[in-house]
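Below you'll find the structure, written out as structure tokens, and then a few comments.
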Amino acid sequence: MRVSLFVTCLVDQLRPEVGLATAELLERAGCSVEFDPRQTCCGQPAFNSGYRSEARAVARTLIEALEGAEAVVTPSGSCCAMTRRYRELFAGEPEWRARGEALAAKTFELAAFLVDRLEVTALGARVAQRVSWHDSCHGLRELGLRAAPRALLARVAGLELVEAGLREECCGFGGTFAVKHDAISVAMADRKIDELESLGIDVVTGADLSCLMQLGGRLERRGSRIRALHFAELIAGGLPALAAAAEEPAR
């Protein structure tokens, strides 16, 4: 299958390693990966902040760039979920609404695509670490993303998946929420981190870089030994990815 990678803004600008790891996993699963450089933002930040006109402008660019793809895969549950909102975003523009819905129908979050569409779970990974999965709000509540990533982690040799009691609780990022309500945002992240540290976790992983940046930033500030890695990095890179994360300077 020819797959077009929708890399997302945060991955492109702040953690390109996630995009490379995503391409690596797709290729291991037998896909041919393409990347259209015309892609920009899905429109989610503007949409969630009430700037609908601006959101439509960037969404049109994404639709034009990716609508010709056989399938679109993204390492972000929230960005995938945003394409499902194009029906609402373009409610008053029938042509763009139809094009947006067509793109949404063939846009998949990475774990869901591998497991549910390709029926691939074993990707030849080995990571001897205690790992906890963070269920990001958009992925869990809008896409129902729960079983697929755990199916992938279950096939990683040496990995011990430890389910935290607060795994489904928000990390406190929430886009502009973390900026407008920073004290609450930090408290929400610390609540989760307190539990992860009590469980002796080595790595917290998930399907949204935004959440992992939120948790990773607090982990670094607290001087914690826990690392925050996107699951694509963890599975594709294994121990080298962990070593690289440990060497990253605090942001």
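The values are calculated or read from the model by the stated rules, or taken from the named source; none is laboratory data. Bear in mind that the values here come from a model prediction, so they are computed numbers and not experimental data. In this analysis, Cβ positions are derived from the backbone assuming ideal geometry, glycine residues included, and neighbour counts consider all displayed protein chains.
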task = Give the range 65-80 a look and list any residue that's within 21 Å of R52 (Cβ to Cβ) and either among the acidic types (D, E) or out of contact with any strand residue (DSSP E or B) (no Cβ under 8 Å at 6 or more places or on another chain) (or both), or say none.
result = A65, E67, S78, C79
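Would you mind stating whether A243 is at pLDDT below 95, closer than 26 Å to Q13 by Cα and outside any loop (DSSP other than H, G, I, E, B)?
Details: at pLDDT below 95: yes; closer than 26 Å to Q13 by Cα: yes; outside any loop (DSSP other than H, G, I, E, B): yes.
Yes.
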ask   = So which of S132, S198, S210, S136 ends up being touching a helix residue (DSSP H, G or I) at 6+ places or on another chain (Cβ under 8 Å), more than 30 Å from S49 (Cα to Cα) and not charged (D, E, K, R)?
value = S132
key: Members of the range 6-45 that are loosely packed, with under 14 Cβ neighbours inside 10 Å and either of a type in the set (G, A, S) or in the same structural domain as A178 (by TED's automatic domain parsing) (or both)   = G30, S32
key: Of all residues in the range 44-74 being in contact with a Gly (Cβ under 7 Å, 6 or more places away or on another chain) and modelled with pLDDT under 95, the one that is farthest from L209 (Cα to Cα)   = N48
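Taking L10, is it at pLDDT below 95 and in contact with a helix residue (DSSP H, G or I) (Cβ under 8 Å, 6 or more places away or on another chain)?
It is true that L10 is at pLDDT below 95 and in contact with a helix residue (DSSP H, G or I) (Cβ under 8 Å, 6 or more places away or on another chain).
Taking the stated definitions as given, is V131 in a helix (DSSP H, G or I) and closer than 30 Å to E197 by Cβ?
Values: in a helix (DSSP H, G or I): no; closer than 30 Å to E197 by Cβ: yes.
So V131 does not fit the description; no.
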request  = Quick one: which helices (runs of 4 or more DSSP H) lie wholly within the range 8-118 and hold at least 1 residues that are among the polar types (S, T, N, Q) and under 16 Å from the mean Cα position of the chain (by Cα)?
outcome  = 9-14, 16-28, 44-48, 77-83
request  = Would you please name the residue that is modelled with the lowest pLDDT, looking only at residues in the range 152-188 that are charged (D, E, K, R) and surrounded by fewer than 18 Cβ atoms within 10 Å (Cβ to Cβ)?
outcome  = K180
query = Restricting attention to the range 131-145, does a residue exist that is within 20 Å of the chain's Cα centre (by Cα), in contact (Cβ under 8 Å) with a residue 60 or more places away in the chain and over 24 Å from L5 (Cα atoms)?
reply = yes
